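Novice: Provided herewith is a single structure, encoded as structure tokens, for subsequent inquiry.
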């Protein structure tokens with residue numbers, strides 16, 4: 001236990017003084033090995049980093065991020081917004097409803113909530129403020145809407161989790177479709193309730209010719225998620241090949257169909273996707289050291305034994321897991337939390353007879369809520385900066401969305417069919 005204490009103090013101590021999480025895990029792991037495992041060589045550190053990144057499936061991450069960046073730079077964002085506004089702008093709070101619908105469309109492209117929040121927030125938050133919405137509300141609804149990005153395929157957390165647990169990434173992707181759409185429905189209902197309560201602005205009705213025109217404008221972008229799922233389901237390509245094809249498709253749409261993708265914009269997309277990839281891969285590689293130390297101490301087995309002694313009821317176990325993940329998600333990025341906790345929790349879930357797809361969806365959806373829960377709350381912090389408001393103000397506006405998100409989490413936890421019905425239908 002002294003070794004674990006050194007590890008936790010090192011990692012969380014570094015995080016508290018502002019060291020990025022990837023470097024905190026990397027340095028904390030190296031310090032723990034040097035101090036508490038003198039028989040081990042520090043050569044283990046680079047070996048484990050390389051081992052953690054040595055997976056063909058992980059190549060899908062930079063490709064999906066690049067495809068999303070290219071589609072954003074190539075004019076897709078504005079066309080999706082126009083189509084969403086044409087559908088929902090006639091209702092009270094139409095621009096806020098369009099925010100959620102646009103996030104749903106965009107989630108099927110990049111797989112990254114931070115990337116989607118950045119792309120949509122730059123357009124939607126100023127537009128909502130100009131239309132009379134409170135800046136703090138604009139920040140809250142934009143952050144809450146984009147939580148679904150890592151759930152609807154392509155999903156980077158599902159890629160990471162699938163690699164760790166040797167599950168079918170395609171099955172996890174398909175499971176995320178219905179779950180992500182359900183989250184979108186919960187968010188749309190919340191916005192509609194707030195709109196009636198606070199009498200949010202109403203836009204004019206869009207004519208059918210204008211609706212058709214905006215649909216045609218967004219059609220190529222809307223095809224992306226359908227293209228991904230059909231390609232995977234028919235076996236034309238695997239997940240990594242699909243991600244590479246998505247990049248080619250994004251280049252084609254931006255350069256040939258929309259004709260807005262210039263060399264300068266392609267360069268900017270390469271830079272932004274490389275930066276996000278570096279952050280994710282550093283966390284993935286560094287967290288492998290964390291996992292190696294846990295395996296060295298046999299702590300996962302001890303925790304598993306302790307939990308199984310407490311309860312052998314899968315419903316109670318899922319409740320305990322949700323509480324744990326909600327707390328962890330407040331402080332740790334989702335991909336890092338997956339890598340650190342899944343080796344402990346996943347075997348217990350299987351031992352209790354919990355469907356692996358169902359459990360994986362619950363884990364990812366739960367940790368994604370950490371994107372809007374302070375103090376880390378990456379998406380909420382980002383939208384607060386864009387709106388020019390304090391985090392405390394946007395957090396207050398986000399409370400209704402958080403409450404509804406918890407109800408959504410209860411639904412997918414205790415109704416496993418939400419996660420398993422579509423994969424069972426399409427893959428059996």
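Novice: Can you tell me how many residues within the stretch 319-340 are farther than 21 Å from residue 19 by Cα and buried (at least 21 other Cβ atoms within 10 Å of the Cβ)?
Specialist: Within the stretch 319-340, residues that are farther than 21 Å from residue 19 by Cα and buried (at least 21 other Cβ atoms within 10 Å of the Cβ) number 2.
Novice: Under the condition of being modelled with pLDDT under 85 and within 13 Å of the chain's Cα centre (by Cα), which residue from the stretch 341-391 is surrounded by the most Cβ atoms within 10 Å (Cβ to Cβ)?
Specialist: Here the residue is 379.
Novice: Give the number of residues within the stretch 34-56 that are in a helix (DSSP H, G or I) and farther than 25 Å from residue 163 by Cα.
Specialist: The number of residues fulfilling the criteria is 3.
Novice: Sort out which residues of the stretch 83-95 are outside any loop (DSSP other than H, G, I, E, B) and buried (at least 20 other Cβ atoms within 10 Å of the Cβ), and write them in order of number. It would help to see each step written out before you state the result.
Specialist: First, pick out the residues of the stretch 83-95 that are outside any loop (DSSP other than H, G, I, E, B): 83-88, 92, 94-95.
Passing the criteria: 83, 84, 85, 86, 88, 94, 95.
Novice: Also, quick follow-up: Conditions: (1) crowded, with 22+ Cβ neighbours inside 10 Å; (2) free of Cβ contacts under 8 Å to residues at least 40 places away in the same chain; (3) not assigned by TED's automatic domain parsing to the domain that holds residue 278. Residue 6 meets all but one. Number of the miss?
Specialist: (1)
Novice: Shifting gears a bit: If you take just the helices (runs of 4 or more DSSP H) that sit entirely in the stretch 310-428, which of them hold at least 1 residues that are closer than 29 Å to residue 233 by Cβ, in the same structural domain as residue 147 (by TED's automatic domain parsing) and in contact with a helix residue (DSSP H, G or I) (Cβ under 7 Å, 6 or more places away or on another chain)? Spell out how you get there, then give the answer.
Specialist: Details: elements: 314-329, 334-351, 356-368, 378-387, 391-414, 417-427.
Filter on the stretch 310-428 gives 314-329, 334-351, 356-368, 391-414, 417-427.
Novice: Residue by residue through the stretch 273-286, note down the ones that are surrounded by fewer than 19 Cβ atoms within 10 Å (Cβ to Cβ) and at pLDDT below 85. Spell out the reasoning first.
Specialist: Going residue by residue through the stretch 273-286, those that are surrounded by fewer than 19 Cβ atoms within 10 Å (Cβ to Cβ) are 274-275, 278-279, 281.
Hits for the stretch 273-286 are 275, 278, 279, 281.
Novice: Does residue 241 count as at pLDDT 80 or above and not in a helix (DSSP H, G or I)? Talk me through it step by step, then tell me what you get.
Specialist: On the way: at pLDDT 80 or above: yes; not in a helix (DSSP H, G or I): no.
For residue 241, the condition - at pLDDT 80 or above and not in a helix (DSSP H, G or I) - is not met.
Novice: If residue 103 meets every condition in (1) touching a helix residue (DSSP H, G or I) at 6+ places or on another chain (Cβ under 7 Å); (2) in a helix (DSSP H, G or I); (3) over 21 Å from residue 379 (Cα atoms) apart from one, which number is that one?
Specialist: (3) is the only condition that residue 103 fails.
Novice: Among the residues of the stretch 267-277, is any in contact with a helix residue (DSSP H, G or I) (Cβ under 6 Å, 6 or more places away or on another chain), assigned to a helix (DSSP H, G or I) and farther than 26 Å from residue 112 by Cα?
Specialist: Among the residues of the stretch 267-277, not one is in contact with a helix residue (DSSP H, G or I) (Cβ under 6 Å, 6 or more places away or on another chain), assigned to a helix (DSSP H, G or I) and farther than 26 Å from residue 112 by Cα, which makes the answer no.
Novice: Restricting attention to the stretch 141-157, does a residue exist that is surrounded by fewer than 24 Cβ atoms within 10 Å (Cβ to Cβ) and either farther than 17 Å from residue 394 by Cβ or over 12 Å from the mean Cα position of the chain (by Cα) (or both)?
Specialist: no
Novice: Would you tally the residues in the stretch 200-221 being surrounded by fewer than 19 Cβ atoms within 10 Å (Cβ to Cβ) and in contact with a strand residue (DSSP E or B) (Cβ under 7 Å, 6 or more places away or on another chain)?
Specialist: Count: 1.
Novice: Would you check if there is a residue in the stretch 22-30 being within 21 Å of the chain's Cα centre (by Cα), under 27 Å from residue 176 (Cβ atoms) and surrounded by 24 or more Cβ atoms within 10 Å (Cβ to Cβ)?
Specialist: yes
Novice: For the stretch 5-34, which residues satisfy the criterion of being in contact with a helix residue (DSSP H, G or I) (Cβ under 6 Å, 6 or more places away or on another chain) and more than 29 Å from residue 276 (Cβ to Cβ)?
Specialist: Listed by number, the list holds a single entry, 6.
Novice: Among 162, 231, which is in contact (Cβ under 8 Å) with a residue 40 or more places away in the chain and either within 24 Å of residue 69 (Cβ to Cβ) or in a helix (DSSP H, G or I) (or both)?
Specialist: 162
The values are calculated or read from the model by the stated rules, or taken from the named source; none is laboratory data. What you are looking at is a predicted structure, and each value in this text was computed from that prediction instead of being measured. For neighbour counting, all protein chains shown are included, and Cβ atoms are generated from backbone atoms with ideal geometry for every residue, glycine included.
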